[in-house]
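First comes the structure, then the notes that go with it.
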Amino acid sequence: MMMDPSTILYSRPTLCEPTPEVDSSVTVTRGPSLREDGWRQIEFVAPQNRDYIKDELVRAKTFCDAHRKRAGWSDIYLRREHPTPLVQVGLMYDDLSKPLEFGLSLGQAPVIGGFSLCATIDDWFLYGVRDAEDRVVHLGLGPTEDTPSADFIHALMDIAREGNVLLVDWYNFELVNTSSVKSVIAWLNG
């Protein structure tokens, strides 16, 4: 029995395009792995994009509300690269705290230039891509089922402040206030 493709629902309302380049000839066995639909769902962006992001959040939410069907979505909102890429901020890989450092895979393939960083193996993790000059090209957060540790919350606040970047949550269509522990916890509990 064949399913009607028009009845298949998507598990995420938005996707980030393009996804990073991967080396499909190798399989990663150590470190975090993202599903393809998890790429940059919570991400840091250049502050020059603030107005664009605010508008994009409204467009994405409106689209997703219109395509909500039962436990999924009938269509996907594709988010394109932002007008000012994160790499232009000048955030360097060496500026990021690295208690535990791993590579990153998307699906089962390693991301070329990919990295993931976490305080403990069970904690939320930072992930992204760096270029040949060790500049951070993309930087996102990988959530787990647990609430992130206090160390992780402080690390993301430090990145936002010292890197002069904004945190966007595409799952909840929100520009995250990273100015205090209280505001970050309010976002996490929202």
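The values are calculated or read from the model by the stated rules, or taken from the named source; none is laboratory data. Remember, it's a predicted structure, so these values are computed and weren't measured experimentally. Note: ideal-geometry Cβ built from the backbone for every residue, glycine included; neighbour counts use all protein chains shown.
Here are a few things to note about the model shown:
- A single entry from PRO13, PRO32, PRO18 fulfils the requirement of being surrounded by 13 or more Cβ atoms within 10 Å (Cβ to Cβ) and either free of Cβ contacts under 8 Å to residues at least 60 places away in the same chain or over 19 Å from PHE125 (Cα atoms) (or both): PRO13.
- Residues within the stretch 167-184 that are surrounded by 18 or more Cβ atoms within 10 Å (Cβ to Cβ) and either within 29 Å of GLY107 (Cα to Cα) or in contact with a Gly (Cβ under 6 Å, 6 or more places away or on another chain) (or both), tallied: 7
- Meets criteria (surrounded by fewer than 17 Cβ atoms within 10 Å (Cβ to Cβ) and part of a strand (DSSP E or B)) for GLU81: no
- Only listed residue being part of a loop (DSSP other than H, G, I, E, B) and under 12 Å from ARG79 (Cα atoms), chosen from ARG30, ARG12, ARG40: ARG40
- Residue within the stretch 124-133 that is over 19 Å from ARG50 (Cα atoms), among the charged types (D, E, K, R), modelled with pLDDT of 95 or more and surrounded by fewer than 15 Cβ atoms within 10 Å (Cβ to Cβ) present: yes
- Matching residues, the stretch 59-83, being over 18 Å from GLU17 (Cα atoms) and among the β-branched types (Val, Ile, Thr): THR62
- Of the residues screened, GLU101 is not one that is of a type in the set (Asp, Glu), closer than 17 Å to GLY31 by Cα, within 16 Å of the chain's Cα centre (by Cα) and surrounded by fewer than 20 Cβ atoms within 10 Å (Cβ to Cβ).
- Boolean, GLU101 is among the charged types (D, E, K, R), without any contact (Cβ under 8 Å) to a residue 24 or more places away in the chain and within 24 Å of ARG130 (Cα to Cα): yes
- One residue stands out in the stretch 84-98 among those that are charged (D, E, K, R) and farther than 20 Å from LEU34 by Cβ: the one that is surrounded by the fewest Cβ atoms within 10 Å (Cβ to Cβ), namely ASP94.
- The one condition in (1) at pLDDT 95 or above; (2) over 17 Å from the mean Cα position of the chain (by Cα); (3) within 25 Å of ARG12 (Cβ to Cβ) that LEU139 fails to fulfil: (2)
- Restricting ALA71, ALA60 to those that are at pLDDT 95 or above, over 30 Å from SER25 (Cα atoms) and either small (Gly, Ala, Ser) or loosely packed, with under 12 Cβ neighbours inside 10 Å (or both) reduces the list to ALA60.
- The stretch 134-166: number of residues that are surrounded by 15 or more Cβ atoms within 10 Å (Cβ to Cβ) and in contact with a strand residue (DSSP E or B) (Cβ under 8 Å, 6 or more places away or on another chain): 17
- Residue check, LEU126 aliphatic (A, V, I, L, M), more than 22 Å from VAL168 (Cα to Cα) and without any contact (Cβ under 8 Å) to a residue 60 or more places away in the chain: no
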